[in-house]
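A short write-up of the structure that comes next.
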Amino acid sequence: MSEILIQRTHTLGMEKARAISAKWQQEAVDDWGMDCTYVANQINDQGETLDRLNFERAGASGYLEVTASHLTMKLELGFLMASFKDKIEEKIIGNLEKLLA
């Protein structure tokens, strides 16, 4: 398995971070055929409210976590998709940067 880990800090607050997560979820479903599950209002180790979007499809699975100040995405690629890791990572980073702008 190949792994992609992307972490970003932001100053958007929780509501705007949730909106970004919702937009990314829609793109993941529409563009990449991901099955998504959204879990809201968890508390992380730092005592912050945390929302987690779990996603998966054949050959890939992962999550997007958002707080009022951080965004973390972890994606695990199966054997066949691992050879496209660099392109997939570049595309995801570009999409997230666009959403965070």
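Bear in mind these aren't lab numbers, they're just calculated from the coordinates by the rules spelled out. These numbers come from a predicted model, not from an experiment. In this analysis, Cβ positions are derived from the backbone assuming ideal geometry, glycine residues included, and neighbour counts consider all displayed protein chains.
Of all residues in the range 50-62, those that are under 10 Å from D35 (Cα atoms) have Cβ atoms under 6 Å from Cβ atoms of residues that are of a type in the set (F, W, Y) and crowded, with 17+ Cβ neighbours inside 10 Å, 6 or more apart or on another chain, in N54/Y63. For the range 84-97, the criterion of a residue being within 24 Å of D30 (Cβ to Cβ), surrounded by 15 or more Cβ atoms within 10 Å (Cβ to Cβ), touching a residue at least 12 places away in the same chain (Cβ under 8 Å) and over 13 Å from the mean Cα position of the chain (by Cα) is satisfied by no position.
Just to be sure I understand, how many residues within the range 5-16 are closer than 25 Å to K87 by Cα and either out of contact with any strand residue (DSSP E or B) (no Cβ under 8 Å at 6 or more places or on another chain) or surrounded by 13 or more Cβ atoms within 10 Å (Cβ to Cβ) (or both)? Please lay out each step first, then the result.
From the range 5-16, those closer than 25 Å to K87 by Cα are 5-10; that's our starting set.
Those left that are additionally either out of contact with any strand residue (DSSP E or B) (no Cβ under 8 Å at 6 or more places or on another chain) or surrounded by 13 or more Cβ atoms within 10 Å (Cβ to Cβ) (or both): 6, 8, 10.
Of the residues in the range 5-16, 3 are closer than 25 Å to K87 by Cα and either out of contact with any strand residue (DSSP E or B) (no Cβ under 8 Å at 6 or more places or on another chain) or surrounded by 13 or more Cβ atoms within 10 Å (Cβ to Cβ) (or both).
Please verify whether D35 is of a type in the set (D, E), within 19 Å of E3 (Cα to Cα) and touching an Asp or Glu at 6+ places or on another chain (Cβ under 7 Å), treating the condition exactly as stated. Talk me through it step by step, then tell me what you get.
Values: of a type in the set (D, E): yes; within 19 Å of E3 (Cα to Cα): yes; touching an Asp or Glu at 6+ places or on another chain (Cβ under 7 Å): yes.
For D35, the condition - of a type in the set (D, E), within 19 Å of E3 (Cα to Cα) and touching an Asp or Glu at 6+ places or on another chain (Cβ under 7 Å) - is met.
Okay, residues lined up against (1) under 19 Å from E15 (Cα atoms); (2) crowded, with 16+ Cβ neighbours inside 10 Å; (3) in contact with a Lys or Arg (Cβ under 9 Å, 6 or more places away or on another chain):
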residue	(1), (2), (3)
W32	no, no, yes
V39	yes, no, yes
Q46	yes, no, no
L53	yes, yes, no
G59	no, no, no
H70	yes, yes, yes
